[in-house]
Each structure stands twice: as structure tokens, then as C-alpha cells.
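> Right, I'll just put the structure down here and ask away after.
The values are calculated or read from the model by the stated rules, or taken from the named source; none is laboratory data. What you are looking at is a predicted structure, and each value in this text was computed from that prediction instead of being measured. All Cβ positions, glycine included, derive from the backbone under ideal geometry; neighbour counts span all protein chains shown.
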Amino acid sequence: MDRRGFFRHGLERATQAGVRYADGWVNQNAGQWIRPPFALEELEFLLACTRCDACVNACPHDVIFPLAGHLGSQVAGTPALDLLHKGCHLCEDWPCVVSCQAGALAVGSGIDTEPPVGDASSSGPLPRSLAMIGIDQSRCLPYQGPECGACADSCPVSGALAWLSAKPRIDPQLCLGCSLCREACIMDPPAITVTSINDSPVSGSGSGAPTD
């Protein structure tokens, strides 16, 4: 290998190592927030997003908010879902995605699934799961004896939220993590839990999300 080839090879290895480091860093920190539907993988998303707030303004249910500056310049101003306080309605026409001219949110980016039978987004692709939704049985009323059913009709995906022996159960294979069941829960705090896909706690206070 000549001198030029040696340096080129070294530069390529350094570049690859830098990309791996950056990818690892962003994915590790990405667990603190939840991106809007059809977001690219985190590193690609950060490179594509222009922080224009178009998707924030396009959301008819005010679920999307820009991340706060103290989280770091790499992510400040990028959009996230406030699933701790509101649910994503999985709008049929995906206004947040349509508004994204930069392509950071893009239907058909290889992360889509065919829709289960349900009321929301009845045709076309659905995004990968936004978050992992669970039930805190120590707080959920039906698990403690009283009848409830507040979340019974909240889920837009058929079969994702089922009732067995008058108790709600979530099918993780069908659930898209929209958090509409949490929004419907009458408990304070809700008996429905929200965690990111990589099983990290989701930032609420201090993330930039609106507070009640």
C-alpha cells in the first residue's frame, strides 16, 4: 500500500468509527423522547430535520412539541411527541408527515407496516410503534376490584387493547404506542405507562413539553 492509499484507508476507518460513535450516542439519548410518526432512524432524522416547526404547527391535536435547548444543540428544536399528557391520533392523512419538506418524517422510509383493522388510518401504511405502552396493575381500577372501562373505546387499532375478565390487556404485537388509552385513563397519575422503544423512561418535565 502506497502512502496515499495508507492515509486514505486511515481516513475511511476514522470516518466509520466517528459515524458509529455518533450513531451510538444519538440512539442512547433518543430514549428520552419519542419522535413523531414515520420518523427516520435517529441519526438520519437529526441530519435531515431543519427544526422548522412545520410538523409542530401541523398537528391538529397539539401532541408534537420542540425539544428544549438544555437537552443539547444536537436535538434542541427537533420535534417529539408529548405522549405522557396526550395521545397521537394516528391521523388518516398524516398532516405532520405531509408538512415535513425535509424528509425527516417520510411515509415509505422502510419502517412502515400494513395496518391492522381499526378505525384510525384505515388505509395505507402505518408507522412502526411509537412507544411501548403498559398497564400498571397496581393503579388500574379493574385490577383492584372496581369496574372502570374509561379506556375501553380509546384504542384506534383493533385488538391492540383487549378486555379479558373485565380487565384491560395490551397486545404488544398490535399496539402502535399512540397513548390514547393513557389520555383516556381517569387515574392521576394514569395507570397506563409509556416508555421509549429502547425501554428508557420518557422525559416529561424539562423536555420542553407543555405542562398542565
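> Identify all residues within the stretch 155-173 that are more than 21 Å from the chain's Cα centre (by Cα) and either under 23 Å from Arg128 (Cα atoms) or among the aromatic types (Phe, Trp, Tyr) (or both); write none if there are none. First the steps, then the outcome.
First, the residues of the stretch 155-173 that are more than 21 Å from the chain's Cα centre (by Cα): 162-168.
Once the filter is applied, which keeps residues that are more than 21 Å from the chain's Cα centre (by Cα) and either under 23 Å from Arg128 (Cα atoms) or among the aromatic types (Phe, Trp, Tyr) (or both), the stretch 155-173 yields Ala162, Trp163, Pro168.
> Okay, next question. If a residue must be part of a loop (DSSP other than H, G, I, E, B) and either in contact with a strand residue (DSSP E or B) (Cβ under 9 Å, 6 or more places away or on another chain) or crowded, with 16+ Cβ neighbours inside 10 Å (or both), how many such residues does the stretch 127-143 contain?
Total meeting the criteria: 9.
> Additional query: On the basis of being free of Cβ contacts under 8 Å to residues at least 12 places away in the same chain and small (Gly, Ala, Ser), does Ser99 make the cut? Even if it seems obvious, please write down each step before you answer.
Numbers: free of Cβ contacts under 8 Å to residues at least 12 places away in the same chain: no; small (Gly, Ala, Ser): yes.
So Ser99 fails the test.
> Examine the stretch 88-97 for a residue that is modelled with pLDDT under 50 and on the phi < 0 side of the Ramachandran plot, and state whether such a residue exists. It would help to see each step written out before you state the result.
Going residue by residue through the stretch 88-97, those that are modelled with pLDDT under 50 are none.
Among the residues of the stretch 88-97, not one is modelled with pLDDT under 50 and on the phi < 0 side of the Ramachandran plot, which makes the answer no.
This table checks each residue for (1) outside any loop (DSSP other than H, G, I, E, B); (2) out of contact with any His (no Cβ under 9 Å at 6 or more places or on another chain); (3) assigned by TED's automatic domain parsing to the domain that holds Ile135.
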residue	(1), (2), (3)
Glu147	no, yes, yes
Ala150	no, yes, yes
Cys155	no, yes, yes
Arg169	yes, yes, yes
Gln173	no, yes, yes
Leu176	no, yes, yes
Glu183	yes, no, yes
Met187	no, yes, yes
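> Could you check how many residues of the stretch 170-198 are surrounded by 14 or more Cβ atoms within 10 Å (Cβ to Cβ), under 18 Å from Gly149 (Cα atoms) and of a type in the set (Val, Ile, Thr)?
Here the count works out to 3.
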